[in-house]
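Trainee: First, the structure itself, so that you have it in front of you.
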Amino acid sequence: MNLFAHFKAVVEAALGELVKTNVLPKDADFSRIAVESPRDAAHGDITTNAAMVLAKPAGQTPRQLAEMITDLLQQDDEIEAAEVAGPGFINLRLASSFWPKLAAEAFKLGDDYGRSQTGGGERVNVEYVSANPTGPLHVGHCRGAVFGDALANILQTVGYDVVREYYINDAGAQVDVLARSAYLRYREALGETIGEIPEGLYPGDYLMPVGEALKTQHGDALLSVAETDWLPVVREFAIAMMLDMIRDDLASLNIHQEVFTSEQSVHGEASTKVKDILDVLRAKGLVYEGRLEPPKSLSEAERNDWENRDQLLFRSSEHGDDTDRPLVKSDGSFTYFASDVAYALDKFERGFSQMIYVLGADHSGYVKRLEAVMHAVSGGQSRAVVKLCQLVKLFRGGEPVKMSKRAGEFVTLREVVDEVGPDVVRFMMLYRKNEAPLDFDFEKVTEQSRENPVFYVQYAHARICSVFRNAVQEFGEDAVSVDKLLASDFNLLQDDAEIAILKRIGEYPKLLEAAAASHEPHRVAFYLYDLASEFHGLWNKGKESPQLRFILASCMHVTLARLAFLRVIRYVLGNGLRIMGVNPVEEM
């Protein structure tokens, strides 16, 4: 059951009565009606703007129309009170009898509680990580990887058809640097003393296995050929090994993308995609021959050196970009922007109506151009959404963590995962908005306290599992079976703390839909922490008041109701943790 969808239907039924009595016109538009939680819980359980958006077509003031709507809503057995607030909002307080109904429905749905078809099967492409295949992933890639994967999980949960994609940046000068760096390690593997790694090459030890593998496959044959001959061989070999490393690093976080698209296939010398795309762009009227003013960011000397020439330009400024973009360089080769255009059209032709790009904060300049490109090539039928992930700073007991010896210049994703585990990494990477910087302290994220959110949430799930183990031990498995719990009376849940948790559980389906619509996985992390906090509070309350304990040997019907209630909490905690890619542990 979606609490808010349920009561939106109730509100619309009341409005239907007003249509019948000609208070509202027959063509009244209900699409802008919102039914949601009030900002202040003291105002009730649900609020709606129905009177605010329909007052004008009704020829009434919002408060007048709100009074008519509340008169009808108060006749519903599930609504205890309906009140008009402010200029015409309607606040609803639900009857106490409603919450046991919600609990019973959530119990029946089990792990599927919260799932919906809001997305309607819309095809969404989520592209994330997309790091240069020149070395191991670093902790900055880690945040984007976790964010993109969790976002894809949320979208799938609410009914979108999602494809996870990795764009391999294997067409630039950096992969030639990789090849030369790997060739140096190949010479080292053959016994040559290479000394200090020259500036401009990749110094990390991670290329030593590449050198050894080249030696195994080619022996010393590559030493006797010119660079023009060995460079493409070593480049392809090194890229393949780096991608294997990257996939392995991502797998350590339980991240598995379905599609890996090579930039070489779009932009490389052997590819005709960009060339072919120019004809399509010309046919759409999206390109022209013209000149660009030098960017304002250039220095005076750079502006004086600016090459003012006729060139082929993409009309991106007509679609929201800051400026039109060149497609062809002065030497006749294609710009990287041209490959962005070709890649966007490729995604559109694969049937995606929404393309989400998860990028690092240093790519903020790409936001408008990617949005403009997708709008242009799709004719407005698809949209690009760019989500930027801010930097991650690593600390240990408040002190900055030193760089990795293996990588040479940074701390790798794998080092972080190996030290604290994937669950901690994934939860903590989502426990801040993606747009906010993240401080990751190895000591704080592994301490067992309320201040450590991943521990606090997993502990709530484990505690519930421990209650069930105790119940089975005391009463036997048959006495507390799913069928027995399903037949229990949720009306026996009367304590304020129990009702508060049921209200929190009622928010979950709407929370997932909101997180999907706003592309904000952190909302799930925050929600789980709040739910866990309320559960731990109820646990502690039972210590002080024995009649509130979950297992009452002298009162089996209350025990069954509370165990069923705990099972609902466990469903939500487990479902939310799995969406985040975190294991809902059963014992700690």
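Every number here is computed from the coordinates shown, using simple stated rules; none is lab data. Fair warning: this is a prediction, and the values are worked out from it, not measured in the lab. Neighbour counts run over all protein chains shown; Cβ positions are idealised from the backbone, glycine included.
Trainee: Return the sequence-ordered ³J(HN,Hα) values of the range 83-92 in whole Hz as given by the Karplus equation 6.51 cos²θ - 1.76 cosθ + 1.60 applied to θ = phi - 60°, using x for Gly and Pro.
Mentor: 10, 8, 10, x, x, x, 6, 10, 9, 10
Trainee: Taking H placed 1.01 Å from N in the peptide plane, check which residues at least 5 places from Tyr166 or on another chain put their amide H under 5 Å from its amide H.
Mentor: HN-HN under 5 Å from Tyr166: Val259, Phe260, Thr261.
Trainee: Let me ask you something else. For the range 175-241, with equal point scatterers placed on the C-alpha atoms only and solvent neglected, what are the log10 I(q)/I(0) values from the Debye formula at q = 0.21 1/Å, to two decimals?
Mentor: For the range 175-241, the Cα-only Debye profile gives -0.79.
Trainee: Here is a follow-up. Can you list residues from other chains, or at least 5 along the same chain, whose modelled amide H is less than 5 Å from the amide H of Ala81?
Mentor: Arg93
Trainee: To continue, here is another question. Gap in Å between the Cα centre of the range 385-403 and the Cα centre of the range 358-372?
Mentor: 20
Trainee: Let me ask another. In deg cm²/dmol, rounded to 500, what helix-only [θ] at 222 nm does the chain give when every DSSP H run of at least 4 residues adds -39500 (n - 2.57) and the total is split over its residues?
Mentor: Working: 20 runs with 285 residues, N = 588.
Calculated mean residue ellipticity at 222 nm is -15500 deg cm²/dmol.
Trainee: Which part of the range 37-70 falls in the paramagnetic zone of Asn22, meaning amide N under 16 Å from the point 7 Å along Cα-to-beta-carbon?
Mentor: Residues 58-60 qualify, since their backbone N sits under 16 Å from the label point.
Trainee: Between (i) -0.63, -0.74; (ii) -0.47, -0.62; (iii) -0.58, -0.73, which entry matches log10 I(q)/I(0) by the Debye sum over Cα atoms at q = 0.07, 0.08 Å⁻¹ as derived from the coordinates of this structure?
Mentor: Among (i) -0.63, -0.74; (ii) -0.47, -0.62; (iii) -0.58, -0.73, the one derived from this structure is (iii).
Trainee: Could you give the size of the charge dipole of the range 3-95 about its Cα centre, using +1 on the Cβ of each K and R and -1 on the Cβ of each D and E, expressed in debye and rounded to the nearest 20? Please list the in-between numbers first.
Mentor: Details: 8 positive and 14 negative charges, 83 e Å.
Magnitude of the dipole: close to 400 debye.
Trainee: Next up: Dividing the alpha-carbon Rg of the range 359-476 by 2.2 N^0.38 Å yields what? Please report the intermediate quantities before stating the final value.
Mentor: Values: Rg = 20.7 Å, N = 118, 2.2 N^0.38 = 13.5 Å.
Compared with the compact-globule rule of thumb, the range 359-476 sits at 1.54.
Trainee: Whole-Hz Karplus ³J(HN,Hα) for the range 428-445, in order, using 6.51 cos²θ - 1.76 cosθ + 1.60 and θ = phi - 60°, x for Gly and Pro?
Mentor: Each residue of the range 428-445 in turn: 5, 5, 9, 8, 8, 4, 4, 7, 9, x, 10, 9, 10, 9, 4, 6, 5, 6 Hz.
Trainee: Work out how much length Glu36 to Ser364 would gain on full extension: take 0.36 nm times their residue separation and subtract the Cα-Cα distance, in nm to one decimal. Mind dumping the intermediate values first?
Mentor: On the way: separation 328, 0.36 × 328 = 118.08 nm, distance 3.30 nm.
Difference between extended and current length: 114.8 nm.
Trainee: Out of the range 182-271, which GluC sites (Glu not before Pro) are coil in DSSP terms and have no more than 10 other C-beta atoms within 10 Å? Working shown, then result.
Mentor: Details: sites: Glu188, Glu192, Glu196, Glu199, Glu212, Glu227, Glu236, Glu258, Glu263, Glu269; in loops: Glu192, Glu196, Glu199, Glu258, Glu269.
Here the GluC sites (Glu not before Pro) that fit, given the DSSP loop and packing criteria, are Glu196, Glu199, Glu258, Glu269.
Trainee: Something else: Can you order the peptides 306-312, 538-544 by their average number of other Cβ atoms within 10 Å per residue, highest first?
Mentor: So the order, starting with the most tightly packed, is 538-544, 306-312.
Trainee: Over the Cα atoms of the range 449-579, compute the convex hull volume and normalise it per residue, giving Å³. Spell out each step's value before the answer.
Mentor: On the way: hull volume 14.4 nm³, N = 131.
Cα-based convex hull of the range 449-579, divided per residue, equals 110 Å³.
Trainee: Within the range 316-381, list the trypsin sites (Lys or Arg not before Pro) lying in a DSSP loop whose Cβ has at most 16 other Cβ atoms in a 10 Å radius. Don't jump to the answer; show the numbers that get you there.
Mentor: On the way: sites: Lys329, Lys347, Arg350, Lys368, Arg369; in loops: Lys329, Arg350.
Within the range 316-381, the qualifying trypsin sites (Lys or Arg not before Pro) (loop, at most 16 other Cβ atoms within 10 Å) are Lys329, Arg350.
Trainee: Karplus couplings for the range 2-7 from phi (6.51 cos²θ - 1.76 cosθ + 1.60, θ = phi - 60°), rounded to Hz, Gly and Pro as x?
Mentor: Couplings: 9, 3, 6, 5, 4, 7 Hz.
Trainee: Please work out the ratio of the alpha-carbon Rg of the range 22-79 to 2.2 N^0.38 Å and round it to two decimals.
Mentor: Working: Rg = 12.1 Å, N = 58, 2.2 N^0.38 = 10.3 Å.
For the range 22-79, the normalised Cα radius of gyration is 1.18.
Trainee: Considering just Cα atoms, how many Å³ per residue does the convex hull of the range 432-484 enclose? Please report the intermediate quantities before stating the final value.
Mentor: Details: hull volume 5.6 nm³, N = 53.
In the range 432-484, the Cα hull volume divided by residue count equals 106 Å³.
Trainee: Oh, and also: Using the Cα atoms as the points, what is the convex hull volume per residue of the range 331-397 in Å³?
Mentor: Numbers: hull volume 8.3 nm³, N = 67.
For the range 331-397, the hull spanned by Cα atoms encloses 123 Å³ per residue.
Trainee: A further question follows. Amide H neighbours of Arg396 under 5 Å, counting only residues 5+ apart in sequence or on other chains, H built in-plane at 1.01 Å?
Mentor: Val401, Phe442
Trainee: Let me ask something else. When the Cα centres of the range 109-169 and the range 437-510 are compared, how far apart do they sit, in Å?
Mentor: Computed from Cα coordinates, the inter-centre distance equals 27 Å.
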